[in-house]
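Taking it in order: structure first as structure tokens, then the write-up.
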Amino acid sequence: MNCPDDGRLRAKLDDEMSVPESQELDRHLAACGDCRLRMETLSKSAEGVRERLALLAPVPDQGRDDARFSWARFLARQRAEPQPTSVFARLFAARFRPVWAAAGVVVVLIASLSFAPGRSWAQRLLDMLRVQKIAVVPVDTQALEGVQGGSPSGKMIGQFLSDNIVVTMHSDQPQTVADASQASQLSGFRVRLLGDRTDAPKIGVLGEQGFQMTLNRERLQGLLDELGHNDLQLATSIDGALVAVHIPKSVTAVYGQCPQPKKDDSVPPLKPSDLAGCVILTQVPSPTVSVPPDLNLPQLATLALQASGMSAEDAQAFCATVDWTSTLLLPIPRDAGSYETTNVDGVEGTLITLRGYRQGMAGYSLLWVKGGIIYSLTGFGGAGQAVPLADSLQ
Amino acid sequence: MDAATVEERRDVLSPDRTVIIGNEEANSKDAKFEALFFKFYSRVVRVLYGLVGDRARAEELASDAFWRLYRQPWLEQSDGNVGGWLHRTATNLGIDHLRAQGRRMQHMEGVERAENLSGHAANPLEEILSAERALRVRRVLARLKTSHAQILILRANGFSYSDLAESLGVRLGTVGTMLVRAEAAFQKQYRRMYGKEEAL
């Protein structure tokens, strides 16, 4: 036989070979001094590393009581957190769609800004970006969650955002109103409801929200390094740049029985048959995002999308089709569902079909922008009902 | 769930196999997940404890790994390699944790060392030295490529070549080569960081 490679010698050392293979290798080793020497070197190296790693051996396992205790803790955590099994779940968890959507804008912008090229910009606000269109971008959540490839968790990004964002206007409790006209009066825009639904929705108006972020180059660079993109160097000029987001008042109408954003023990869990009637309609005038002038948004967004797991070619192709000054980017996990563009309410919309949510029920989310208002319609069951429902808006 | 149920499940599920239980054992996602939790939890914590050196932190990271598993859309349908996915995810989390702790460890090592000591050792000096050596190993692992650190950690936890292939999603025939490369990378990094102080 030819001289075996190191991998086979290593397998031999670990006794991880079939008997015939091992015997064949024995015969070869008996005749080949070079391989015996290599084997000896490998053995020494493996033993050295094994000894080091043995230092990490923990105390013996403490057994099933720990697992039971941990299971109880896990259940408590499950109850305390919203069920983020899919985008669908997150839509419910956030409950108020515009907040969630604006967060997407901010994440993308911040990510984009963090890749800013080496140019200086004035510290003044110039561009007021307004949403006129929605574009869905499939993202690889594993790349962000650190399941593969050693990239760190989204937790780090979340921590980064929470450390750096200053909330300038905050409102977390919606004001309940009786009907559409009251909602219109309170929100300042004409609120529409579903004509096809005869049941009365629960309508809530959420106040304005605003937040801003002053970029800190050092921390952004640290984040990039942790994300494994230490080849990308940030321009010093981005330090201190300001990004500000303003979200106008939004209105959410909840039809039927819908899951609560957080599990509530006092309420019995909903059965799939209950959820079938759940539809959540949210409408909000376009949020505005103020960014420093002279940003090359397509170029920056391409880099940001790559950071979220998209290939360079895909990111370029995607960004070429998007007008960044007027498009709300909606990231959805690649494996969560599918999306298509469709005609709705007289304009072009995006229909996202989501695979199994709770109890395996599928769901949908339909998004469109009309007359400066962003609409989202989310519900359980087949996506086929989304467009007719949306078309019944009045 | 009551103790009797736990007992029964644990007897049914061999703790060392990474084959997911069949539908007759668990019909819904939640029941399936619960069975997986009891099947793999202790082992995942053990691997993480060794890696991060702090039991509470290991349990927290294990909980994160299971939380991610729970959120996987494929969990309901898949009879795939859940054990492999869990160990890969858990070690990734552990390695991320070590990296994130990297800078802090430089400043805090004295404190950490003190925290990790039992206080009851027959030879306190030996215990201090041993804790210091373990800390060095963790620092070296934190500097390696994730795939290298992962295979070394899992192998040190008694994973066979077929377990490793399953967990890391690689062909069985490549495990030996991966181990050799990972060990070489470990030694090189160790020498770079501590070569002046000790020989490997």
Taking the beta-carbon count within 10 Å as an exposure proxy, list B:VAL170, B:VAL44 from fewest neighbours to most.
B:VAL170, B:VAL44
Under-5 Å amide H pairs with A:VAL344, H placed in peptide plane, nonlocal only:
A:GLY349
The stretch A:6-54, Rg to Rh (Cα coordinates; Rh as Kirkwood inverse mean 1/r)
1.01
Sparsely packed trypsin sites (Lys or Arg not before Pro) within the stretch A:185-215, loop by DSSP, other Cβ within 10 Å at most 15
A:ARG190
List A:THR198, B:THR177 from most exposed to least, where exposure is judged by having the fewest other Cβ atoms within 10 Å.
A:THR198, B:THR177
Listing B:PHE66, B:PHE159, A:PHE189 from the residue with the fewest other Cβ atoms within 10 Å to the one with the most, what is the order?
A:PHE189, B:PHE159, B:PHE66
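Each reported figure results from applying straightforward, stated rules to the coordinates on display, with no laboratory input. Given the structure is predicted, the values throughout are model-derived calculations rather than measurements. Please note: Cβ atoms are built from the backbone with ideal geometry, for glycine as well, and neighbour counts cover all protein chains shown.
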